[in-house]
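Asker: Before we start, here is the structure in question, set down as structure tokens.
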Amino acid sequence: MKIALMDSGIGLLPAAAAVRRLRPDADLVLSSDPDGMPWGPRTVEDLTERALAVAEAAAAHRPDALIVGCNTASVHALPALRARLEPGLPVIGTVPAIKPAVASGGPVAIWATPATTGSPYQRNLIREFADGVAVTEVPCPGLADAVEQADEAAIDAAVAAAAALTPDEVRVVVLGCTHYELVAERIREAVQRPGADPLVMHGSAGAVAAQALRRIGEQAAPEAPAEGTLTVLLSGSEGPLPTAALTYAEGRLLQAVSPAR
């Protein structure tokens, strides 16, 4: 079994680590675009072109499924990716975990990039799944870039700024950018109020990994031998995991189980 993941940068790490935990025997292909990142400020047409190039680089390795480990690319490029690659290659997008988050009744905060916050896409998800639930959209300028660069001071500053915009009564936080899952505990510490019930965090990595297995008719087998390989594609060329990836637990897990070839 071979599963590919794509993103502009290291936002694919949470889903890749989730796949690795579910199937240690799966071969992984991580395809990113360091030459073209970040994707967020690009036009939809430009972003889609770059996403297609990254996806086709991964597809050349003949995976059984492709996970789009990026909310921005899923919003803007998923139809084009599916039109180009399916049905031969199942493509699994990443959607903010608003539906499971509102099951508790809220109040809920959705942390997302400024481009996603307030977007028709996110507003439609809120209307569809969060009717009657108090939802606050929290823009997080600079957080994804800071996580990508593993810039500790910039991460702290961006998290603190977003926490200040998060209402005190919020009990559930949706991580609406895959990069944010890499610093989920830091976000929890910033938002958790003394004496309040423990904060609940909702990312997408686990659900996306499980959906990828379902799409190819496989089951989770965390007890399988850790024999899966790791191939890293950087703007189409094979290379090592970026140094920044190894500052996060997810990157270290991938490197420890199967160093990039």
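The values are calculated or read from the model by the stated rules, or taken from the named source; none is laboratory data. Quantities reported herein were computed from a predicted structural model and do not represent experimental measurements. Reconstructed Cβ throughout: ideal geometry from the backbone, glycine too, with neighbour counts over all protein chains shown. We work out accessible area using only protein heavy atoms, side chains counted, and drop any ligands, DNA or RNA first. Shrake-Rupley method; radii C 1.70, N 1.55, O 1.52, S 1.80 Å.
Asker: What about Gly88, is it open to solvent by 60 Å² or more (accessible area, probe 1.4 Å) and at pLDDT 95 or above?
Answerer: It is true that Gly88 is open to solvent by 60 Å² or more (accessible area, probe 1.4 Å) and at pLDDT 95 or above.
Asker: Same structure, new question: Here are the criteria: (1) touching a residue at least 12 places away in the same chain (Cβ under 8 Å); (2) in a helix (DSSP H, G or I); (3) of a type outside the set (Val, Ile, Thr). Tell me which single one Ala115 does not satisfy.
Answerer: Condition (2) is where Ala115 drops out.
Asker: Now for a separate question. Looking at (1) within 30 Å of Val257 (Cα to Cα); (2) of a type in the set (Gly, Ala, Ser); (3) open to solvent by 60 Å² or more (accessible area, probe 1.4 Å); (4) part of a helix (DSSP H, G or I), which one does Ala83 not meet, given that it meets all the others?
Answerer: (1) is the only condition that Ala83 fails.
Asker: If you don't mind, there's one more thing I want to ask. If Ala80 meets every condition in (1) free of Cβ contacts under 8 Å to residues at least 24 places away in the same chain; (2) over 18 Å from the mean Cα position of the chain (by Cα) apart from one, which number is that one?
Answerer: The single condition Ala80 does not satisfy is (1).
Asker: Across the range 205-223, what is the total count of residues that are touching a residue at least 60 places away in the same chain (Cβ under 8 Å), within 25 Å of Tyr180 (Cβ to Cβ) and of a type outside the set (Gly, Ala, Ser)?
Answerer: Adding up the residues that qualify gives 5.
Asker: What strands (runs of 3 or more DSSP E), lying completely within the range 142-252, carry at least 1 residues that are over 27 Å from Pro90 (Cα atoms) and open to solvent by less than 30 Å² (accessible area, probe 1.4 Å)?
Answerer: Output list reads 172-175.
Asker: Among the numbered criteria (1) closer than 20 Å to Ala224 by Cα; (2) more than 17 Å from the chain's Cα centre (by Cα), which single criterion is violated by Leu22?
Answerer: (2)
Asker: Let me ask something else about it. Quick check: anything in the range 99-107 modelled with pLDDT of 95 or more, of a type in the set (A, V, I, L, M), more than 18 Å from the chain's Cα centre (by Cα) and open to solvent by less than 60 Å² (accessible area, probe 1.4 Å)?
Answerer: Scanning the range 99-107, I find no residue that is modelled with pLDDT of 95 or more, of a type in the set (A, V, I, L, M), more than 18 Å from the chain's Cα centre (by Cα) and open to solvent by less than 60 Å² (accessible area, probe 1.4 Å), so the answer is no.
Asker: Looking at the range 131-141, which of its residues are surrounded by fewer than 19 Cβ atoms within 10 Å (Cβ to Cβ), more than 19 Å from the chain's Cα centre (by Cα) and not charged (D, E, K, R)?
Answerer: Gly132, Val133, Ala134, Thr136
Asker: Testing Asp131 on (1) closer than 24 Å to Pro38 by Cα; (2) at pLDDT below 90; (3) of a type in the set (Asp, Glu), one condition comes back false. Which one is that?
Answerer: Unmet for Asp131, out of (1) closer than 24 Å to Pro38 by Cα; (2) at pLDDT below 90; (3) of a type in the set (Asp, Glu): (1).
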